[in-house]
Amino acid sequence: RKQEKVIDLSQIDLDQIKASYKAGKKRTEAAKLRSIINRKLAQLLALNQYRIDFQERLEHIVDDYNNGSINIEEYFQQLTSLFGELKIEDQRHIREGLSIEQLALYDILSKPVPELSKKEETMVKNAAKELLRVLKEQKLVLDWKKKNQLRAGVQVTIWDYLSDNLPGDKYTPKMVEDKRDRVFQHIYDSYLEADESVYSQQL
C-alpha cells in the first residue's frame, strides 16, 4: 500500500483558510482545517506514540462542537490553535537536536517520568542516539522479527544498554524495566529492518 504523502504544515496556507472562513465559508474551512489536522496527526502518531494527547485534544474539540458546547467560532479558533501546536511539535526534534526517530526513543525514555535535569536530559538523548545506532548497525537485520535468536538479540541489546546508560539515581530498577519493554515494543512495531521502517519516507 502506497503511503500517503507526508503533510508539511509549513506549506499549508493558514491565512488563506482564515480569510476564506471570514468571507463566509465557515463550515467548509473548519472542515478543511480539521481534515488537515486529522491526517497530520495520524502521521505524527505513527512516528511517535507520545503524541496521543494531541489526538485526544482533537477528539475533545470535535465532541464539544458536535454536542453544541462550543459554536463554530470557538471550534475554528480551537482548531487553529491546535494546528499551531502541531506545527511546533512537528519541528521539536530539531530543537532537541535529534532526528525524528531518535526523538521517539528519547520520549519513551523520558516520559512521563522521571524529571530530568539538563545534564541528565543530555545523557538520555545520547543514550537514545547510541542505542538506535547500535541496533541499526548490528541488530535490525533481515527477518529479525521472525527468528527467535535475532529477536532475543535485539531485546538483550536494549536491556543491557539501558541498564548501563540511564542516570542511575533517577531511574529505579522498575522504571528501567518498564522503559526496556516499551523501547523493545516500539522497535518491534516500527522497524522491519534497519533501512525499512515507519521512518524510511521521512529521512
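Observations, loosely collected:
- Residues that are of a type in the set (Lys, Arg), over 22 Å from Leu47 (Cα atoms) and surrounded by 14 or more Cβ atoms within 10 Å (Cβ to Cβ) do occur in segment 165-174, at least one of them.
For every residue, the table says whether it meets (1) outside any helix (DSSP H, G or I); (2) under 30 Å from Pro112 (Cα atoms); (3) in contact with an Asp or Glu (Cβ under 6 Å, 6 or more places away or on another chain); (4) at pLDDT 95 or above.
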{"site": "Ile17", "(1), (2), (3), (4)": "no, no, yes, yes"}
{"site": "Ile36", "(1), (2), (3), (4)": "no, yes, no, yes"}
{"site": "Ile61", "(1), (2), (3), (4)": "no, yes, no, yes"}
{"site": "Ile70", "(1), (2), (3), (4)": "yes, no, yes, yes"}
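Here is a yes/no grid of residues against (1) open to solvent by 40 Å² or more (accessible area, probe 1.4 Å); (2) modelled with pLDDT of 95 or more; (3) within 30 Å of Glu29 (Cα to Cα); (4) touching a Gly at 6+ places or on another chain (Cβ under 8 Å):
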| residue | (1), (2), (3), (4) |
| --- | --- |
| Phe76 | no, yes, yes, no |
| Leu86 | no, yes, yes, no |
| Ser117 | yes, no, no, no |
| Ala127 | no, yes, no, no |
| Val134 | no, yes, no, no |
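- For the condition aliphatic (A, V, I, L, M), out of contact with any strand residue (DSSP E or B) (no Cβ under 9 Å at 6 or more places or on another chain), within 23 Å of Arg51 (Cβ to Cβ) and free of Cβ contacts under 8 Å to residues at least 60 places away in the same chain, Val124 qualifies.
- Among the residues making up segment 11-38, a single one is basic (Lys, Arg) and in contact (Cβ under 8 Å) with a residue 60 or more places away in the chain: Lys18.
The values are calculated or read from the model by the stated rules, or taken from the named source; none is laboratory data. It should be emphasised that the depicted structure is a prediction, and the values quoted were computed from it without experimental measurement. Ideal geometry is used to build each Cβ from the backbone, glycine not excepted, and the neighbour counts take in all protein chains shown. Only protein heavy atoms, including side chains, enter the accessible area calculation; ligands, DNA and RNA are left aside. Shrake-Rupley method; radii C 1.70, N 1.55, O 1.52, S 1.80 Å.
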